[in-house]
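Student: Just dropping this structure here.
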Amino acid sequence: MTPSPLDVVEYALRLGDDALVAAQRLADWSARAPEMEEDVALSNIALDQLGVARLLLTYAGEVEGAGRDEDALAYLRSDAEFRNCLLVELPNAGPAAAVGTPGDFGVTMAKLLALAAYQWLTYERLVASTDGHLAAVAAKARKESRYHLDHATQWVLRLGDGTEESHRRMQAAVDDLWPYTHELFATDELVGRLSEAGVAVDPAALRAPWLEIVEPVLAVATLDRPTDGWAPEGGRRGVHTEHLSYLLGEMQVLHRAHPGARW
Amino acid sequence: MSARSAAREAVAAVVDPELRVVTIEDLGILRDVSEDPATGEVVVTITPTYSGCPAMDVIRSDIRRALATAGHTGEVRTVLKPAWSTDMITERGRARLAAAGIAPPAPASGPVPLGLPGVHRPDPVPCPRCGSSETEEISHFGSTACKALWRCLSCREPFDGVKPL
């Protein structure tokens, strides 16, 4: 069965917006990370995410066929048109932090662990997609996300099994973010149609392997695995937290003030 | 020499803007140089190392300049498949990296083992300065997307290493 082009656009935006918004949050650490090597590492990971986002947004624009390129999709959509999961838009200081609170490194690493494990599992399977372009993007991205997962794992281990203070903050970060991880595995009719056509990866099937990656990391890091309960969602249909609006305000201001500006 | 092989020679000599000791041919990112039979234009096909490699735009314009200097007009196409791997770096490329103090990558073929990292560290790569195998990785991420940061425990010098991908 041939999938509807609009379904493919929507799916590419989900994957691409996850990567784009994650890149924007990570880039906020540039020149502010706790140590020099970490500054380089987080900027590199942000760059990888941005690269994948550009490929996916460009593709979404091409399939849509309405003349929107990567810039139009990144800079000229409103918050309700973004399809990223809520997890990536949460501030670096944590979901409950007031606007402008400096970032918390434990939050960033807890978030990266959850996201990278999910992205890696997704891309590993998306390589077999019947959509040749999505498969090609995934074949590149899966190798990069393996490095992201490795990096986040090392920090969660070090901070969880570190000092009393680092343990307390790492546990708080994992507890605060855990509810938002459920949305990664939520499925809907669109994903159902696309995975039946062999285009998409069914996220519901990823929760078990994701737990197989994340739970041992938490255990070795001497962190408690939070209990499942509240599961906020809405990002995939454009219902976001207020944090995304602030993020987009900063990310889009230059392009909107100076349309077509070039370096 | 045919027009096509002259064009190929010009394009193959383009150096990577971030690793200026190797050419795009050495790195294995130059996929093809062909001639459009209809227009006679040269078509150069390249592939990115990392998805977000910021050098791609510079590489494209350097290729166009090399073609123009050699008296050709042409276009540059980018393909993603098959995904680039560090195993595509040529022997000459590896030797040139090592000579410039950048450790060439270990083989990347096959799946990356999934275990608890932090416990699993990459195997030491020989120090490009003193040859010692007593080295350790400081960070997976270095000054460019494709490099990691290493330190030699014998001569104490830090060095870059191209990380297996």
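The values are calculated or read from the model by the stated rules, or taken from the named source; none is laboratory data. The model shown is predicted, which means the values in this text are computed figures rather than measured ones. Heads up, the Cβs are rebuilt from the backbone with ideal geometry, glycines too, and the neighbour counts pull from every protein chain shown.
Student: Identify all residues within segment B:144-165 that are closer than 17 Å to A:Asn44 by Cβ and touching a residue at least 40 places away in the same chain (Cβ under 8 Å); write none if there are none.
Tutor: B:Thr144, B:Ala145, B:Cys146, B:Lys147, B:Trp150, B:Asp160, B:Gly161, B:Val162, B:Lys163, B:Pro164, B:Leu165
Student: Looking at segment B:127-143, which of the residues that are of a type in the set (A, V, I, L, M, F, W, C) and within 14 Å of chain A (Cβ to nearest Cβ) is nearest to A:Glu144 (Cα to Cα)?
Tutor: My answer is B:Phe141.
Student: Name the residue, out of A:Thr153, A:Thr122, A:Thr130, A:Thr108, that is touching a residue at least 12 places away in the same chain (Cβ under 8 Å) and within 10 Å of chain B (Cβ to nearest Cβ).
Tutor: Result of the check over A:Thr153, A:Thr122, A:Thr130, A:Thr108: A:Thr153.
Student: When you scan segment A:5-26, do you find a residue that is more than 18 Å from the chain's Cα centre (by Cα) and free of Cβ contacts under 8 Å to residues at least 40 places away in the same chain, even just one?
Tutor: No, there is no match, as no residue in segment A:5-26 is more than 18 Å from the chain's Cα centre (by Cα) and free of Cβ contacts under 8 Å to residues at least 40 places away in the same chain.
Student: Looking for whichever is touching a Gly at 6+ places or on another chain (Cβ under 7 Å) and either within 12 Å of chain B (Cβ to nearest Cβ) or free of Cβ contacts under 8 Å to residues at least 24 places away in the same chain (or both) here; the options are A:Glu70, A:Glu81. Which one fits?
Tutor: A:Glu70
Student: Moving on to the next point. Just one of B:Asp32, B:Asp62, B:Asp57 is more than 30 Å from A:Trp120 (Cβ to Cβ) and either among the small types (Gly, Ala, Ser) or without any contact (Cβ under 8 Å) to a residue 40 or more places away in the chain (or both); which is it?
Tutor: None of the other options fit; the residue is B:Asp32.
Yes/no per residue for (1) of a type outside the set (Val, Ile, Thr); (2) crowded, with 24+ Cβ neighbours inside 10 Å; (3) within 26 Å of A:Glu38 (Cα to Cα):
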{"site": "A:Gly100", "(1), (2), (3)": "yes, no, yes"}
{"site": "A:Phe105", "(1), (2), (3)": "yes, no, yes"}
{"site": "A:Ala116", "(1), (2), (3)": "yes, yes, yes"}
{"site": "A:Glu124", "(1), (2), (3)": "yes, no, no"}
{"site": "A:Asp131", "(1), (2), (3)": "yes, no, no"}
{"site": "A:Ala135", "(1), (2), (3)": "yes, no, no"}
{"site": "A:Ser145", "(1), (2), (3)": "yes, yes, yes"}
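Student: Still on this model: Of the residues A:Asp224, A:Asp202, A:Asp188, A:Asp176, which single one is without any contact (Cβ under 8 Å) to a residue 60 or more places away in the chain and under 23 Å from A:Ala97 (Cα atoms)?
Tutor: A:Asp224
Student: Tally the residues that are surrounded by 21 or more Cβ atoms within 10 Å (Cβ to Cβ) and more than 9 Å from chain B (Cβ to nearest Cβ), restricting the search to segment A:157-175.
Tutor: Result for segment A:157-175: 5.
Student: Considering only segment A:59-74, I want to know if a residue exists there that is touching a Pro at 6+ places or on another chain (Cβ under 6 Å) and at pLDDT below 95.
Tutor: For segment A:59-74, residues touching a Pro at 6+ places or on another chain (Cβ under 6 Å) and at pLDDT below 95: absent.
Student: Turning to a different aspect of this structure: Could you check, for segment A:209-230, whether at least one of its residues is surrounded by 13 or more Cβ atoms within 10 Å (Cβ to Cβ), charged (D, E, K, R) and in a helix (DSSP H, G or I)?
Tutor: Checking segment A:209-230: not a single residue is surrounded by 13 or more Cβ atoms within 10 Å (Cβ to Cβ), charged (D, E, K, R) and in a helix (DSSP H, G or I).
Student: Does segment B:11-29 hold any residues that are surrounded by fewer than 22 Cβ atoms within 10 Å (Cβ to Cβ) and over 16 Å from B:Asp57 (Cβ atoms), and which are they?
Tutor: B:Ala12, B:Ala13, B:Arg20, B:Val21, B:Thr23, B:Glu25, B:Gly28 - these are the residues of segment B:11-29 that are surrounded by fewer than 22 Cβ atoms within 10 Å (Cβ to Cβ) and over 16 Å from B:Asp57 (Cβ atoms).
Student: Residues in segment A:41-58: is at least one modelled with pLDDT of 95 or more, within 23 Å of A:Leu254 (Cα to Cα), within 19 Å of the chain's Cα centre (by Cα) and more than 10 Å from every other protein chain (Cβ to nearest Cβ)?
Tutor: Within segment A:41-58, one or more residues are modelled with pLDDT of 95 or more, within 23 Å of A:Leu254 (Cα to Cα), within 19 Å of the chain's Cα centre (by Cα) and more than 10 Å from every other protein chain (Cβ to nearest Cβ).
Student: Count, please, the residues in segment A:233-256 that happen to be surrounded by 15 or more Cβ atoms within 10 Å (Cβ to Cβ) and in a loop (DSSP other than H, G, I, E, B).
Tutor: Total satisfying the criteria: 4.
Student: In this structure, does A:Asp104 turn out to be in contact with a helix residue (DSSP H, G or I) (Cβ under 8 Å, 6 or more places away or on another chain) and within 27 Å of A:Val9 (Cα to Cα)?
Tutor: In short, no.
Student: Something else about it: What are the residues in segment A:111-154 that are over 18 Å from the mean Cα position of the chain (by Cα) and at pLDDT 95 or above, if any?
Tutor: Passing the criteria: A:Val127, A:Ala128, A:Ser129, A:Thr130, A:Asp131, A:Gly132, A:His133, A:Ala135, A:Ala136.
Student: Any chance segment A:191-201 includes a residue that's among the polar types (S, T, N, Q) and surrounded by 17 or more Cβ atoms within 10 Å (Cβ to Cβ)?
Tutor: yes
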